[in-house]
Amino acid sequence: MNTRVKRLALPLGGALAATSMIGATMVASAQASTAPAKKVVSLASSSNAQKVANYWSANGGANFKAAAQYTANSQVAGKVKLGGGDATPDGKAGSVPPIGLEKVTPTKVKNVNLPKTIGKVFFTVGDKEYWCSGSSVQAKYRNLVATAGHCVFDEGLQNGALDNWVFVPGYYQGKAPWGIYVGKAAYTHYDLAVYEDYDSDYAFVTVYNGIAYAGEKAVSKDTWDKWQGYKYAKDVEITAEEYKKKVDELGGESVDAWAKTTGSETVIPWTTPGGVVVYKEVSKDEWDKAPSENSPVNYHKAKFKKPVTEIVDEATYKGYTGPGYKKIVDGAFTITHYYVAYKVKKTSTTKYYKTVFFIEYYKDAGRLGDNVGGQGFTWNQKVGQPVYVFGYPAAPHPDGDKPFTGVTPKWCYGKTFAAAPAAKFKAEAQIGLKCSMTAGSSGGPWILKYSSTKRLGYINGVTSLIGDADGNGRIDFSTSPYFDSETYAIYKSAANLWSGSIVTKDGDLVTKA
């Protein structure tokens with residue numbers, strides 16, 4: 001039995017507990033007596049979670065729709081030799097059951113039913129929106145997401161974590177059928193977070209209760225001003241009676257009642273009695289073509305309005321782009337203006353309005369695991385067992401072919417093999433699978449003993465790297481970190497962290513930490 005240790009700094013410390021969560025079944029390794037140095041970062045306090053939720057939920061989920069698949073340079077280039085990696089257990093195998101099930105019986109069916117637990121992880125890098133894949137996983141408070149570490153951590157950032165991080169299970173075209181879950185804290189191995197060692201490219205993220213759109217309502221201006229969520233205002237027409245009543249109550253106009261007078265001009269035939277003569281400046285060509293004053297049309301050349309010529313300076317002359325005629329006369333810079341007269345009937349209309357202020361409010365969607373369930377978790381499994389891999393691929397293959405859209409999840413199935421795909425990523429002890437899913441699938445769960453009828457199994461990996469093993473321009477394999485006792489210890493730390501709600505009873509998002 002091998003104990004894999006490839007840490008560059010920080011010695012192991014702390015005891016690995018030999019117990020598990022309620023309902024879990026596991027056997028601890030006698031050799032795995034120390035816990036790895038984990039890296040924990042805060043993603044959003046309850047007050048900041050409000051801003052994160054607003055960022056994604058506003059304008060009908062426009063930022064969701066703008067997001068692109070995240071590559072993070074995780075595509076292995078060139079010919080790759082697979083196999084021979086050091087993906088070996090560091091202790092006895094163990095497992096934590098899926099939510100609600102003590103035992104999962106694998107099924108073989110012709111049509112694979114997609115798990116409810118999978119979804120998209122969304123975040124921002126600078127001013128760009130991206131997604132990865134992820135899955136709900138068993139946890140004490142049913143609030144945990146498993147994904148790839150590079151879909152959460154970036155040591156180059158001040159906090160070490162990607163911004164505006166949320167999980168949306170069952171995401172489809174801007175819709176969040178089971179709510180939006182804002183990340184609270186993320187756990188990974190120190191080696192991944194600090195040294196970008198992809199042998200530890202996994203992350204477990206505790207999330208707050210989901211938020212779900214509950215509608216909109218009109219509120220007072222004072223409430224609207226204080227509202228931290230999405231809001232908008234629009235002007236609504238009211239009757240003159242309503243306007244007068246409001247003005248009397250308020251002692252003058254305000255956002256509750258105000259008047260707007262607009263004028264309009266309707267061109268009438270020249271021979272129509274009444275009306276007002278107005279003049280419109282036109283080009284010389286239009287002036288030449290205009291009918292005479294006796295023509296029975298709506299306008300004519302003005303009989304008493306002659307072209308007006310003005311002398312201007314050279315700068316004005318050169319910069320003039322109006323309808324007038326420019327000409328240099330006896331060394332002077334001149335602009336001649338031409339007018340056409342026509343008759344109009346002028347009217348004015350007064351309408352009365354009030355400004356109505358709207359806010360969008362949300363309801364607590366509940367805990368992630370209560371809504372979509374959670375996959376089990378397992379570690380120190382033998383390489384060579386069959387797994388299902390799920391994800392949201394979208395990027396084209398290296399040869400330009402684009403068979404995936406990222407709109408709906410896809411899956412691969414096969415037996416895992418040991419893999420050491422790329423020294424560039426310090427990936428020396430991963431597991432691989434033949435799979436054609438492209439970028440966007442990062443973070444998607446690898447599920448052992450998957451039951452297609454119950455849509456549950458045991459996560460024993462997450463998509464880390466993808467690549468083209470034979471160099472033919474087609475992605476043909478995916479890899480995952482090998483889940484060992486160190487992975488379990490980090491998972492367990494995250495799985496016991498409480499998060500709670502970010503929505504108040506009146507539908508507002510929490511504004512105090």
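The values are calculated or read from the model by the stated rules, or taken from the named source; none is laboratory data. Owing to the predicted nature of the structure, the values given are computational and were not obtained by experimental measurement. We place every Cβ from the backbone using ideal geometry, glycine too, and count neighbours over all the protein chains shown. All accessible areas refer to the heavy atoms of the entire protein, side chains included, with ligands and DNA or RNA removed. Shrake-Rupley method; radii C 1.70, N 1.55, O 1.52, S 1.80 Å.
When nucleic acids and ligands are ignored and a 1.4 Å probe is applied, Y352 ends up with an accessible area of around 60 Å².
Beyond 22 Å, what share of the Cα-Cα pairs of segment 178-297 remains, rounded to the nearest whole percent?
When every Cα pair of segment 178-297 is considered, 72 percent fall beyond 22 Å.
When only Cα pairs below 8 angstrom with a gap of at least 6 residues are kept, segment 392-477 shows a relative contact order of 28 percent. Subtracting the Cα-Cα distance of T321 and Y195 from 0.36 nm times their residue separation leaves 39.1 nm of extension gain. Judged by the mean number of other Cβ atoms found within 10 Å, the most tightly packed of the peptides 123-132, 461-470, 331-340 leads the ranking 461-470, 123-132, 331-340. When L192, L157 are compared by accessible area of protein heavy atoms, the largest-first order is L157, L192, using a 1.4 Å probe.
A full extension of the chain between T105 and A423 corresponds to an added length of 110.7 nm, given 0.36 nm per residue minus the alpha carbon distance. Relative to one another, the C-alpha centroids of segment 231-270 and segment 379-441 are positioned 62 Å apart. The charge dipole of segment 357-513, taken about its Cα centre with unit charges on the Cβ of Lys, Arg, Asp and Glu (plus for the first two, minus for the last two), comes to roughly 400 debye. Run a plain Debye calculation on segment 92-240 (Cα atoms as equal point scatterers, no solvent) and give log10 I(q)/I(0) at q = 0.14, 0.15, 0.19 Å⁻¹, rounded to two decimals, same order as the q list. Relative scattering, expressed as log10 I(q)/I(0), comes to -0.84, -0.93, -1.24. When restricted to Cα atoms, segment 198-253 yields an Rg and a Dmax of 22.5, 74 Å, respectively. Rolling a 1.4 angstrom probe over the protein heavy atoms with all chains in place gives segment 342-451 an accessible area of 38 Å² per residue.
Legend: calculated FRET efficiency, K226 to D370, from the Cβ-Cβ distance at R0 = 25 Å, rounded to 0.05, equals 0.20. Look at the alpha carbon pairs under 8 Å that are at least 6 residues apart: their mean separation over the length of segment 99-203 gives a relative contact order of 24 percent.
Using a simple spin-label model with pseudo-atoms 7 Å out from Cα toward Cβ, T272 and D401 lie 6.9 nm apart. Legend: calculated FRET efficiency, K244 to A62, from the Cβ-Cβ distance at R0 = 51 Å, rounded to 0.05, equals 0.80. Kindly list the residues of segment 155-171 that lie in the label zone of K51, defined by a backbone N under 13 Å from the point 7 Å along the Cα-to-C-beta vector. Counting backbone N atoms under 13 Å from the label point, the list is 163-165. In plain terms, the chain from K454 to K289 could stretch by 51.3 nm, reckoned as 0.36 nm per residue minus the Cα-Cα distance. State, to one decimal in nm, how far the label point of T408 lies from the label point of T336, with both points 7 Å from Cα in the Cβ direction. Placing both labels 7 Å beyond Cα along the Cβ direction yields 7.2 nm.
Note on segment 230-357: Rg/Rh from C-alpha atoms, Kirkwood Rh, equals 1.23. Per-residue packing, averaged as other Cβ atoms within 10 Å, sorts the ranges 375-386, 229-240 into the order 375-386, 229-240, beginning with the highest. Computed from label points 7 Å out along Cα-Cβ, the spacing between E281 and D313 is 1.9 nm. Among 488-499, 258-269, the peptide with the highest mean count of other Cβ atoms within 10 Å heads the list, and the full ranking is 488-499, 258-269.
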